[in-house]
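I have placed the structure first, in the form of structure tokens, so that the comments after it can refer back to it.
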Amino acid sequence: MKQLIALITLVASMFLTITSLAHEGHEHAKQLDQVTAVETAGVKIQALISEGEVAAKWASQSPASAQLARINGIQNWIVTYIDESALERLELVFSMTGDYVSMAVMPVNDTAAN
């Protein structure tokens, strides 16, 4: 009888431990869609301009595209801006959850995903 009570107590404590780890309010990171990828890129461009990382001209450019691409085996969002007068392309790379990964300014005929 003592063994049965000990077993029931053990099982009950394991159950309570598991349910306490999976508590309510625990949210997983939300993944970007195309619209939020573009919005996130717009905010990041402003920050990069403030930090002196990119020229202020990029703030006036509209995004040319926002596409999912695999870079080194990891799926990312690449938001592209094109300055046609200078034949330059700015590509901002974000993780699927919106973390900034990198940026590159290059001639229009190159891409960061290559």
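Nothing in this text is a laboratory measurement; each read-out follows from the coordinates by a stated rule. Computed from a prediction, not measured in an experiment: that's the story for all the values here.
A few remarks follow.
- For the range 65-114, the C-alpha radius of gyration sits at 1.11 times the compact-globule guess of 2.2 N^0.38 Å, with N the residue count.
- The Kirkwood hydrodynamic radius of the range 34-107, based on inverse pair distances between different Cα atoms, is 12.3 Å.
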